[in-house]
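Just so you know, all these numbers are worked out from the coordinates, no wet-lab data involved. None of these values were measured; they are calculated from a predicted model. No Cβ is skipped: glycine too gets one built from the backbone with ideal geometry, and neighbour counts run over all protein chains shown.
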Amino acid sequence: MSSTSPEDRIIRLRALIRHHEERYYIHNDPEISDEAFDRLLHELERLEAEHPDLVTSDSPTQRVAGRPVEGFETVEHAQPMLSLDNAYDDEELKAFDERVSTGEAAVDYVAELKIDGLSIALTYIDGLLMRGATRGDGVRGEDVTANVRTIRAIPLRLRGRAGRIEVRGEVYLPRASFDRTNREREENGEPLFANPRNAAAGTMRHLDPALVARRGLSAFMYQVIDADGHGGRVPADPPAITTHARMLAAMREWGLPVEPHWRACRGVDEVAAFCREWADARRALDFQTDGVVIKVDDLALRERLGATSKFPRWATAFKFPAEQATTIIRAIHVNVGRTGAVTPYAVLEPVFLAGSTISMATLHNAEDLARKDIREGDCVLIEKAGDVIPKVVKAIVPDPPPVGRSAPWRMPSACPVCASALSRDEEAVVWRCENPSCPARIRRSLEHFASRTAMNIEGLGASLVDELVEQGLVRDFADLYRLEAGQLESLVVTPREPRSERARPRRLGKVGANVIAQIERSKQNDLSRLLYALGIRHIGEKAAATLAKHLRTIDRIMEAPVEALQTLPDVGPVVAASIRAFADAPRNRHLVDRLKEAGVNILSLAPEQGNEPGPLAGKVFVLTGTLSSISREAAASALERLGAKVSGSVSRKTTYLVAGADAGSKLDRARELGVETLDEEAFKALIMKGRV
């Protein structure tokens with residue numbers, strides 16, 4: 001291995017990383033641990049930093065551009081992205097079959113689960129991902145390439161695929177990512193996403209690719225359009241692709257994610273059976289689906305059938321029945337989160353819905369509850385938002401309302417757990433308990449502190465946390481490191497939500513020693529994990545990693561002024577102010593001191609980067625147009641590694657404008673100001689030399 005050149009090692013690392021991305025994100029069958037995968041990625045990042053001339057746009061390190069974009073350009077699709085006509089029962093399926101039938105034999109169909117997400121169109125040229133665009137109005141969409149590149153299920157380069165193609169698919173948010181995102185939004189006092197589809201759409205239209213990467217989007221692809229804009233036989237791929245089933249198989253061979261449960265069906269009866277099968281089975285999937293898409297398999301027959309101005313005649317969508325039910329609100333209570341956010345929820349007369357019994361549902365916030373005029377004792381319509389989170393849609397109240405209907409619900413003035421007064425910012429909708437010692441806040445904070453992505457303390461679950469707080473053994477994070485095995489072994493733990501008669505209170509016993517060992521092990525975690533675990537408002541995993549990487553110690557972070565914090569990547573005014581507010585609180589300073597005394601690591605374990613300025617330090621670059629050999633994101637990353645600043649607009653401070661094909665108004669502006677312009681060849685030469 002010692003004789004391997006950096007270029008050869010980089011090529012091998014990229015292939016290895018993409019292989020393991022496919023195993024994890026596409027096949028759901030990882031071959032190595034997350035830690036081993038991270039080691040491969042970090043090695044590649046180090047080698048590319050040492051050899052910036054070897055950075056390419058399809059490298060796994062180039063998925064996130066590292067800075068927000070200024071807006072989305074409008075681009076045109078190779079062929080209009082049409083909507084689908086709908087069918088709601090077997091009769092409508094048969095009517096569709098009659099419209100496409102030749103009358104000679106049963107039609108061959110392909111039935112695919114309908115992913116409830118955001119439609120996307122990906123352009124690949126000679127296998128390299130060049131563009132990602134939203135559906136938009138069907139003819140034109142928004143260029144969201146920087147965000148698409150963050151989705152690890154989507155390959156940056158295809159295997160064995162030449163020519164220019166447009167791949168159609170759906171970007172979605174897995175259920176687990178949706179739940180995590182809404183928990184974080186609730187803790188931060190932000191409005192919850194109603195369902196995974198809305199969350200996916202909102203995420204893809206975010207201007208910061210770093211945030212998009214954190215959300216954990218995924219994707220499935222289902223169609224290929226060739227360079228001429230036809231959805232028929234895809235050229236340059238022997239044997240010729242003449243059926244949709246073969247197209248799906250080819251896409252998977254190229255490394256694209258394809259939803260695996262599709263089925264070739266002979267005739268409409270087999271299609272109907274597939275739809276019935278998945279009406280209930282879909283709830284076991286990790287993504288939201290609201291129906292089945294049925295497509296004619298023969299691509300030549302599709303061409304003959306054509307399309308209307310709105311729908312293809314060769315496809316339809318069978319929609320599953322709406323998952324709603326009615327029940328009675330027994331009571332309205334509030335929940336206190338780790339940041340003190342107090343949110344109302346409904347206690348319901350239990351009702352069976354979408355595969356489970358529902359006894360509680362979210363009410364979002366006091367203003368939403370008042371707007372819908374939902375009261376205790378009301379009959380209400382509930383649904384599972386995206387088949388995931390139960391929510392109250394509306395009250396079903398006769399006109400006129402019944403005599404004796406309860407009074408409108410009001411947010412309590414005091415915390416129901418600690419009795420502290422609740423407060424609300426003038427511009428916010430979320431009420432908060434400001435008492436940091438509130439037992440409810442402590443419980444939620446401890447659960448977050450011990451979670452897998454924070455300090456990763458296995459065994460310290462919700463039920464044990466409840467008991468530790470109840471017994472007064474733990475009042476803050478530092479108290480965890482004072483616990484002894486004997487204290488835990490004697491505890492009797494009651495499951496927070498018993499699922500069966502066997503889930504009764506039990507003595508922790510020898511499990512307590514294992515938990516203590518996990519707590520002790522957590523002392524060696526990197527500073528980035530500790531920062532995230534502390535639960536500072538607006539500090540996610542990415543921001544925590546940035547702070548640890550650049551400031552290196554918790555002491556420097558606690559002392560850094562707002563102005564210095566804002567110079568760091570991913571740290572804007574809101575995040576900087578939040579860090580400063582945390583550090584200025586005497587209680588938090590005391591907590592950090594106690595964590596140090598307990599032996600918790602407060603240093604960054606990542607290799608320290610040199611502080612020498614890069615060869616392009618002080619230079620300001622603006623990128624415009626399309627570069628044929630490297631993406632704009634990769635070009636910007638290469639410049640930043642060499643010390644340059646990359647700006648989104650041309651000004652008198654601009655040193656160079658890098659102009660690719662189809663450069664627009666920025667090129668005109670540069671000429672007006674006399675800014676020197678570099679074409680692609682000159683830019684590549686600059687990067688190779690690392691100097692002007």
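For this structure, a couple of remarks:
- Highest mean packing first, where packing is the average number of other Cβ atoms within 10 Å per residue, the peptides 615-622, 146-153 line up as 146-153, 615-622.
- Share antiparallel - DSSP beta bridges, the chain, percent rounded to 5: 85 percent
- Relative packing of peptides 37-43, 398-404, 511-517 - highest average C-beta neighbours within 10 Å first: 511-517, 37-43, 398-404
- Sites matching trypsin sites (Lys or Arg not before Pro) across segment 274-315 that sit in DSSP coil, with at most 13 neighbouring C-beta atoms within 10 Å: K310
- Fully extended contour minus Cα-Cα distance, from E76 to Q566, at 0.36 nm per residue: 172.7 nm
- Distance between segment 244-277 and segment 472-487 - C-alpha centres, whole angstrom: 54 Å
- Translational diffusion coefficient (Stokes-Einstein; Kirkwood radius from C-alpha pairs) of segment 324-433 at 4 °C, 1.567 mPa s, in µm²/s: 88 µm²/s
- Residue exposure proxy: L82, L156, ordered by other Cβ atoms within 10 angstrom of their Cβ from fewest to most, comes out as L82, L156.
- Selected from L531, V429, P6, residue furthest toward positive end of dipole (the chain; charges at beta carbon): L531
- Dipole magnitude (debye, nearest 20) for the chain, charges at Cβ of Lys, Arg, Asp, Glu: 1300 debye
- Structure-derived Rg/Rh (Cα atoms, Kirkwood Rh): which label, when the choices are (i) 1.18; (ii) 0.99; (iii) 1.05: (ii)
- Fully extended contour minus Cα-Cα distance, from E104 to V492, at 0.36 nm per residue: 132.5 nm
- Distance (nanometres) between label positions extended 7 Å along Cα→Cβ at K523 and S309: 7.4 nm
- The sum of -39500 (n - 2.57) across all DSSP H runs of n ≥ 4, divided by the residue count of the chain, sets its helix-only mean residue ellipticity at 222 nm to -10000 deg cm²/dmol.
- Violating pairs (Cα-Cα greater than 30 angstrom) within the set K391/K523; K549/K596; K391/K510; K549/K645; K542/K596: K391/K523; K391/K510
- Using the Karplus relation 6.51 cos²θ - 1.76 cosθ + 1.60 with θ = phi - 60°, the per-residue 3J(HN,Hα) values for segment 438-449 come to 4, x, 5, 5, 4, 4, 5, 5, 5, 4, 5, 4 Hz, with x marking Gly and Pro.
- Positive-end residue, the chain charge dipole about Cα centroid, Cβ charges, pick of A440, L623, Y124: A440
- Overall dimensions of segment 6-62 by Cα: Rg and Dmax, Å: 11.4, 34
- Placing +1 on the Cβ of every Lys and Arg and -1 on the Cβ of every Asp and Glu, with no other charges, gives segment 439-524 a dipole of roughly 200 debye about its Cα centre.
- Relative to the current alpha-carbon distance between S356 and R185, full extension at 0.36 nm per residue lengthens the span by 59.1 nm.
- Proximity of backbone amide H atoms, modeled 1.01 Å from N, is registered between G461 and no other residue at under 5 Å, excluding neighbours fewer than 5 places apart on the same chain.
- Note, ³J(HN,Hα) from phi for segment 4-9, Karplus 6.51, -1.76, 1.60, rounded to Hz, x at Gly and Pro: 5, 6, x, 5, 5, 5
- Cβ crowding within 10 Å, taken as a proxy for footprinting-reagent exposure, orders T134, T339 from fewest neighbours to most as T339, T134.
- Sorting C275, C433 by the number of Cβ atoms found within 10 Å of their own Cβ, with the fewest placed first, yields C275, C433.
- Cβ-derived FRET efficiency at R0 41 Å, D662 paired with A15, nearest 0.05: 0.80
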